Amino acid sequence: MIQAFDLCVVGGGPAGMAAAVMAARHGLSVALLDERPSAGGQIYRGLEDGPFRNSAALGADYRQGARAIAGLQAADVATYFGASLWRIDMAETGGVVSYSHDGVSRRLAFADLVLANGANERPVPFEGWTLPGVMGIGAAQLLLKTSAMVPAGRIALAGNGPLMLLFASQLLRLGVEIAAILDTSPSRFGLSVALANLRGLLRNYDKVYKGVRLLRDIRRAGIRVHRNVSSLSASGGDRVDAIRFEADGAHQQLDVDTLLVHEGIIPNTQLPRALGCGHVWDNGQKCLRPDIDRFGESSLAHVYIVGDGAAINGAIAAPASAEIAIGRILERTGRNDEQSLATVRRASAVLARERAFRPFLDALYPPRLSAVSPSDQTVVCRCEEVSAGTLRAAVKDGAIGPSQAKAFTRCGMGACQGRVCGPIVSQVIATETDRPIGEVGTYTVRFPLKPVTVFDMARCGRDGDLTEGNDHAD
């Protein structure tokens, strides 16, 4: 039997939890699916069942997620953690989700869909980025939160942005030494950027103070910081053992055991693109994002996209955007009341304040290494081992778009289905054809999103009638 719900929420991070809790509070039957084993999303990952759940070692911001997780646990929401969603079929009055959970493929129906599937770390390709010992800071932080694992030996951090500063501070708090930080922020003086965004800074002075404190932690630790880094490469045999880079116009080399890289995050658009939702190029954040209205509704009726999956605005803005979307659903279905209206008013004020701060961060920490077209020797598609040189040859042979390049080179056909190489391929093609990235576009995404057997797909189609349901399944 297919269970039927008023609302299906995809994603158990700050936005997904807020959407599910508010909807359930106002009488909607709600199902929440997340491929992670517990609630919290990436930012609060491991807070429910990880090694730092009872510790303040990762900072106060990490601990703030405990209240949201407790709220979800207390709400009348059917939660499916460890669920691998591989297909969504939409109709005029809602849709059906196909997913695998506990080794069994199932389906559930919904009237409205909220996508809160968060963001991906922006890929930063360079020669040697596929060597063991080189990884994204987001991935390294995931290992820390879930398994209390930290890199050993000589550690270098490269890139820019708040997450890099936060992770450096977390490592220092845990007693981990950092050999060097390679800051890829442009050399322009931060004061000019601050003055240009003064109003947003005044509305978010607490964030400014946090940033100053993180920089102070790094300075007090005596970490060597190389500024204005404009190029990077890694070398080694079985794993990385050295990096070469250019800082302030001077070429340098550093022996390392681990290189952690980060230049921001971008919306995870895989699912909304597979559904056919419209997308636009965000020139401020240098990424593709869903085209949504002020309530978070996409170009596809009954599909709402919230949190960092809609636009990168952070963990405080994410639940606010979700509450605005739920408020719209309640209004449309005639279930809104004074409480929901008050929640939406408060959420709108929070979202406006958080958005006011974002232009400052975008100007201060633009992608740099990832904005430069990689060398011919650089691997672009890690899954299929396709180099930038091979991709450029395909463009010369007539592959003027990512989907054509995929057919010519197998780039994007691997296990990640283009999640990592997609932005890189679009960047290379845009450079080679002298076109804007927004015009080049990205891969066409098709279902199934995750590996699933034909037997499971066929069995999912024989579920029969719908049944109302709101059982907890986590």
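Quick note: the coordinates plus some simple rules give every number you see, no bench work behind them. Quick caveat, the model's predicted, so the values are computed rather than measured. Glycine also receives a Cβ, built like all others from the backbone with ideal geometry; neighbour counts cover every protein chain displayed.
Which of the three applies to the range 372-440, rounded, prolate or oblate, going by the alpha-carbon gyration tensor with a ≥ b ≥ c and a/c under 1.5 meaning rounded?
Details: a/c = 1.41, a/b = 1.33, b/c = 1.06.
Verdict is rounded for the range 372-440.
The peptide list 132-143, 154-165, put in order of mean Cβ contacts within 10 Å with the highest first, becomes 154-165, 132-143.
Provide GLU177, GLU92, GLU246, GLU323 in ascending order of the number of other Cβ atoms located within 10 Å of each residue's Cβ, fewest first. Can you show the working numbers first?
Numbers: GLU177 12, GLU92 7, GLU246 16, GLU323 26.
Lowest count first: GLU92, GLU177, GLU246, GLU323.
Pairs from the list LYS210/LYS286; LYS145/LYS210; LYS207/LYS406; LYS286/LYS406 with a Cα-Cα gap above 31 Å: LYS207/LYS406.
Applying 1/(1 + (r/R0)^6) with R0 = 35 Å to the Cβ-Cβ distance of ARG239 and VAL280 gives a FRET efficiency near 0.30. For the range 72-161, the average shadow cast by the Cα convex hull is 10.0 nm², which is a quarter of the hull's surface. For the chain, the Cys residues with no second cysteine's beta carbon closer than 4.7 Å are CYS8, CYS277, CYS287, CYS383, CYS416, CYS460. Per-peptide packing, taken as the mean over residues of other Cβ atoms within 10 Å, places 52-61, 434-443, 311-320 in the sequence 311-320, 434-443, 52-61 from highest down. Footprinting exposure proxy ranking of THR258, THR453, THR444, THR146, fewest other C-beta atoms within 10 angstrom first, gives THR453, THR444, THR146, THR258. Computed over the range 256-302, relative contact order equals 30 percent, with contacts defined as Cα pairs under 8 Å that lie 6+ residues apart. Taking every alpha-carbon pair under 8 Å whose residues sit at least 6 apart, the chain reaches a relative contact order of 20 percent. Treating each Cα of the range 35-81 as an identical point scatterer and summing with the Debye formula, the log10 of I(q)/I(0) at q = 0.17, 0.28 Å⁻¹ comes to -0.46, -1.10. Full extension of the segment from LEU341 to ALA179, taken as 0.36 nm per residue of separation minus the current Cα-Cα distance, would add 53.2 nm. The packing ranking of peptides 424-433, 221-230, highest mean first, is 424-433, 221-230, where packing means the average number of other beta carbon atoms within 10 angstrom of each residue.
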